[in-house]
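**Student:** To start, I am sharing the structure in question, which I have written as structure tokens.
The values are calculated or read from the model by the stated rules, or taken from the named source; none is laboratory data. None of these values were measured; they are calculated from a predicted model. Neighbour counts run over all protein chains shown; Cβ positions are idealised from the backbone, glycine included. Only protein heavy atoms, including side chains, enter the accessible area calculation; ligands, DNA and RNA are left aside. Shrake-Rupley method; radii C 1.70, N 1.55, O 1.52, S 1.80 Å.
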Amino acid sequence: MGSEKSNLVRINRRLGVLISGRGSNLQALVEAIREGRLDAEIAIVISNREDAAGLERARAAGIEAIVLSHRGWPSRDEYDRALARELKARNVGLVCLAGFMRLVGVPLIDAFPHAILNIHPSLLPAFPGIDAQRQAVEHGAKVSGVTVHFVTAELDGGPIILQRSVEVLENDTAATLAARILEQEHRAYPEAVQIVLEGGWSVDGRRFVRSRRPVST
Ligand code: GRF
């Protein structure tokens, strides 16, 4: 992999947020925008599940929120293409996965090169996949945390934009650790989105490099 410059000018500030459940990270993005910590606009929230509580959070904030079930498509790729169509139809520039419990495939990744972010509740590359907080506790890790990264075809393996560490305490359960990590998630996600939207970065191999002062747009 060679050095690839980010296409700063092409990244617009319209976010598409993909969820499957609770939507607390979506809420953190909404609040950061409201409070002026994140200079962006959420154009659409898409859930693959109709019972996702995050849909109500979005609607309460006046954001269009739709259900696009992953069921009934002839293939995974067809579902990904449908997601890309809905996002492009709203002129989305950056896609934020926020508890979206689906593997994102090549058609969506290709439609948004270096423009899909995910938040994961561990310090990657430790503990990828589901139940990352339980993995950390069961492994006996002393430190875990949160990672915001670009989405690539490799599960939880894309270039890391930002990480925050969280100490694992002696008496932590998966649930108590998850709660403390979640507090950090809610700070880290808006911060990482803002960093990406400000520009002045490039992706060199698998490294996200902040190479110069932010570009003001
Ligand atoms: C978060 O822990 C996030 O890191 C993981 O899924 C969870 C989603 O929580 N990818 P919420 O729906 O944002 O509350």
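**Student:** Could you tell me what fraction of 2.2 N^0.38 Å the Cα radius of gyration of segment 110-181 comes to, as a two-decimal ratio?
**Tutor:** Relative to the 2.2 N^0.38 Å estimate, segment 110-181 comes out at 1.14.
**Student:** Could you grab the Rg to Rh ratio for the chain? Cα atoms only, Kirkwood for Rh.
**Tutor:** 0.95
**Student:** Rounded to the nearest 0.05, what FRET efficiency is calculated for ASN171 and GLU191 with R0 set to 30 Å and r the Cβ-Cβ distance?
**Tutor:** 0.55
**Student:** Just by accessible area at a 1.4 angstrom probe, what is the order of LEU103, LEU182 from largest to smallest?
**Tutor:** LEU103, LEU182
**Student:** Please give the contour-minus-distance gain from ARG85 to ASP51: 0.36 nm per residue of separation, less the Cα-Cα distance, rounded to one decimal in nm.
**Tutor:** Gain on extension, ARG85 to ASP51, equals 10.0 nm.
**Student:** On to the next question. By accessible area of protein heavy atoms, probe 1.4 Å, what ranking do TRP73, TRP201 get, highest first?
**Tutor:** Per-residue accessible area, sorted high to low, gives TRP73, TRP201.
**Student:** State the answer as a single residue: which of LEU155, GLN27, ALA40 lies farthest towards the positive end of the charge dipole of the chain, with beta carbon charges of +1 for Lys and Arg and -1 for Asp and Glu, about the Cα centre.
**Tutor:** Going by the Cα projections, it comes out as ALA40.
**Student:** Rounded, prolate or oblate, given the Cα gyration tensor of segment 95-140, with a/c below 1.5 counting as rounded?
**Tutor:** prolate
**Student:** From a point 7 Å beyond the Cα of LEU103 in the direction of its Cβ, which residues of segment 134-176 have a backbone N at a distance under 13 Å?
**Tutor:** Hits in segment 134-176 for LEU103 at 13 Å: 152-157.
**Student:** At a 1.4 Å probe radius, carbon and sulfur cover how many percent of the accessible area of the chain?
**Tutor:** Ligands and nucleic acids excluded, carbon and sulfur give 49 percent.
**Student:** Can I ask one more? Once you compute Rg and the Kirkwood Rh from C-alpha atoms, what is the Rg to Rh ratio for segment 46-133?
**Tutor:** For segment 46-133, the value is 0.96.
**Student:** Please get the size of the charge dipole for the chain, origin at its Cα centre, with Cβ charges of +1 on Lys and Arg and -1 on Asp and Glu, quoted in debye to the nearest 20.
**Tutor:** Rounded to the nearest 20 debye, it is 580 debye.
**Student:** Right, here's the next one. If each DSSP helix of 4+ residues adds -39,500 (n - 2.57) and the sum is divided by the residues in the chain, what number results at 222 nm, nearest 500 deg cm²/dmol?
**Tutor:** After summing the helix terms and dividing by the residues of the chain, the value is -10500 deg cm²/dmol.
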